[in-house]
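Comments concern the structure below.
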Amino acid sequence: MGKLTREDIKKIKEKKLKELHDASVTKLLLCGGTGCHATGSLKLKDALQKEVINKGLEKKVKIVETGCNGFCAMGPLMLVYPEGVFYQKISEKDVPEIIEEHIINKKHVQKLLYVDPVTKKTIPYQKDIPFFSHQMTIALRNKGLIDPEVIEDYIAQDGYMGAAKALLDMTPEEIIHEVKSSGLRGRGGAGFSTGLKWEFANKSKGEIKYVLCNADEGDPGAFMDRSILEADPHAVIEGMIIASKAIGAKQGYIYCRTEYPLAVSRLGIAIQQAKNYGLLGEKMFGSTHSFDIEIYQGAGAFVCGEETALMRSIEGKRGMPRPRPPFPAQKGLWDKPSILNNVETLSNVPQIISKGGKWYSSLGTETSKGTKVFALSGDINNIGLVEVPMGISLKKMIFDIGGGIPNKKKFKAVQLGGPSGGCVPEKYLDTPVDYEAIAKVGAIMGSGGVIIMDEDTCMVDMARFFMDFIQDESCGKCTPCREGTKRILEILNRICDGQGEADDIGKLENLSAIIINSALCGLGQTGPNPVLSTLKYFKDEYYAHIYEKRCPAKRCAALLKFEIDPNLCQKCGLCFKACSAGAITWKKKEVAVIDKSKCVKCLGCYSKCKFNAIL
Ligand SMILES: Cc1cc2nc3c(=O)[nH]c(=O)nc-3n(C[C@H](O)[C@H](O)[C@H](O)COP(=O)(O)O)c2cc1C
Ligand code: SF4
Ligand code: SF4
Ligand code: FES
């Protein structure tokens, strides 16, 4: 296939749209994201294909493997297009019924439809399910709708039209103006103005410049960028093409961790397809601009997500941060002017160029424009990926979209921004999704990792978890981070082990302040945040651990007795059923008893007992 012009792209789009809207062919959009792969969607795809052939329906049914649809908790899942019927938790044995009932008899397969856990109503159509209906998708606009390995699918959804406009109709300054006026801020965590960053690099002198995409995504609980790359890799490529024209770069790199094999594979396919169509390479779209992209696979160190460390890693050196200035826009990769943008940031760009900065800036709040993608995880019913308009409240996101807390437990806190972030307690749940508003309550927007915690979470243990991660990931270059995070972890370990001392809280606060003020890079500068925010909102839990040698949430094993209080035990036997070590004896209408010699301290029985009877 030769180089495509804008007219060729329009023709491909029209042809593909015709196919898509052909009502005589039902499209089964089966999720092929990492989550659904793990729950069996590949086997399901084979089974569907076999059944379609068995029934001679090859001309009436098309099976499309998409990227992550977002509602990962319900996987493997499938959307029937164009009707929009949503089937969830499908297994191979459901396949004959799907084909017989839905395709041949034109009836819904009731048992696979979504049932609202609150109203108990069956909701057949995806658009009516609260998880989807409250969302607004820009970065995730193609998720679950296209085959990420087919470039024509992307083109059918207006793909590459933003790049064509930028390359053929706009000057670099006009592109920068459009992105600046959109108000787009970097989605990688820091929230810096994307247009301004591009302007700095545009003004830097030099023949050689680079556009880099940060797909390192090291935050525990985060999978926004992986899902975008798996579901819509061309959107990121198109964003990079537009950025390359804005700053005058001929080469781009996508830095993606090796732990994301599906994302790397789909990106590789997408880059090759774009090259085959002449959408990457020399003089794209018949313009004078040339640009190419390579994937660089990182080994998965959290610090390599930091911009200067990432560039060193691409240069083949050990990924360690360096002081700034000089900033990458002046001296970046191989000391050449470079911009680094996050996956989600870049996937917003084609829409901004196509629809205009004004359109984008009309969404959101005064200082936070557009939408934001979040990965909901932890103690929440609807684990998955959501994109919401800026300004929506945390409460709406967690309860209306996320479906609230499972097992009738109470909400305790939400951790935003991963290891660099903080937790937000219940009293601040009305806080809007907005960079400044979230910072005001002691957390950060971060890159979009959202971990919801129920009443059984020990906040000291939670701080310890993040500090363990941070000290493990510290590159060791500067002393405050290397040594300070270790000392903080030692103190937290002591507190959780029942060895806390009266001055530990003061020590934690002092050490945190020193690290924040003197560490070289963002890892150290933000690393103590989870400790400080738990101290701010949950100091009573620290006091209980230190002075009463008690863990109120019953998560710290060293502070528990592993005994059942016969006065509190209601003889229900739930703990007995939960114990896989056979350490609990119980008979109907009798109090349960733990045999400590058999107990492996897994804590499984604690969360099952509804009467707080296990001490
Ligand atoms: C320790 C550390 C890890 C980071 N990891 C990531 C990451 O995985 N992905 C990312 O986009 N940004 C990460 N960042 C932020 C980047 O340094 C940089 O600000 C961002 O990629 C810029 O893109 P943006 O302006 O589009 O947000 C990290 C920063 C620090 C300090
Ligand atoms: S703050 Fe930590 S991770 Fe960053 S350079 Fe210093 S030691 Fe390395
Ligand atoms: S802590 Fe675990 S092993 Fe011990 S009694 Fe409870 S469930 Fe059984
Ligand atoms: S992987 Fe299938 S919905 Fe996320």
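Things to note:
- Helix screen, the chain: DSSP H segments with Cα axial length of 18 Å or more and mean Kyte-Doolittle hydropathy at least -0.5 are 41-54, 233-247, 261-276, 343-355, 459-473, 479-496, 504-518.
- Within the accessible area of the chain (1.4 Å probe), percent carbon and sulfur: 52 percent
- Virtual spin-label span in nm between Ser362 and Lys55, 7 Å along Cα→Cβ: 4.3 nm
- When the C-alpha to C-alpha distance is required to be over 18 Å, the pairs from Lys16/Lys43; Lys45/Lys106; Lys143/Lys250; Lys250/Lys331 that qualify are Lys16/Lys43; Lys45/Lys106; Lys143/Lys250.
- Projecting the Cα positions of Gly281, Ser393, Gly316 onto the charge dipole of the chain (unit charges on Cβ atoms of Lys, Arg, Asp and Glu, taken about the Cα centre) puts Ser393 furthest along the positive direction.
- The charge dipole of the chain, taken about its Cα centre with unit charges on the Cβ of Lys, Arg, Asp and Glu (plus for the first two, minus for the last two), comes to roughly 720 debye.
- In a reduced charge model with +1 at each Lys and Arg Cβ and -1 at each Asp and Glu Cβ, region 491-595 shows a dipole moment near 580 debye about its Cα centre.
- Charged-residue dipole, Cβ positions (Lys, Arg, Asp, Glu), region 303-460 about Cα centre, Debye nearest 20: 380 debye
- The Leu196 and Ser290 beta-carbon pair, evaluated with R₀ = 22 Å, returns a calculated FRET efficiency of approximately 0.30.
- Rounded accessible area per residue of the chain, 1.4 Å, Å²: 41 Å²
- Centre separation in Å (Cα based) which lies between region 375-402 and region 229-304: 30 Å
- Prolate/oblate/rounded label for region 261-324 (Cα gyration tensor, a/c 1.5): oblate
- Estimated at 0.36 nm per residue, the fully extended path between Arg487 and Glu100 surpasses their Cα-Cα distance by 133.0 nm.
- Here the gap between Arg494 and Val591, fully extended at 0.36 nm per residue and compared with their Cα-Cα distance, gives a gain of 31.5 nm.
- Positive-pole candidate from Gly221, Gly183, Leu196, dipole of region 157-234, charges at beta carbon: Leu196
- Extreme residue, positive dipole direction of the chain, given options Gly421, Ile254, Tyr114 (C-beta unit charges): Tyr114
- Sites Trp334 and Lys275, calculated FRET efficiency, Cβ-Cβ separation with R0 25 Å, nearest 0.05: 0.60
- Anisotropy class of the chain from Cα gyration tensor, a/c 1.5 cut: oblate
- Estimated inter-spin distance, Lys203 and Lys539, nm [label 7 Å along Cα→Cβ]: 4.5 nm
- Whether region 1-76 is rounded, prolate or oblate, judged on the alpha carbon gyration tensor where a/c under 1.5 counts as rounded: oblate
- Ranked by how many other beta carbons lie within 10 Å on average, peptides 152-158, 127-133 from highest: 152-158, 127-133
The values are calculated or read from the model by the stated rules, or taken from the named source; none is laboratory data. Predicted model only: the values in this text are computed from it and were never measured. With ideal geometry, Cβ positions are generated from the backbone for all residues, glycine too; neighbour counts draw on all protein chains shown. Heavy atoms of the whole protein, side chains included, go into the accessibility calculation; ligands, DNA and RNA do not. Shrake-Rupley method; radii C 1.70, N 1.55, O 1.52, S 1.80 Å.
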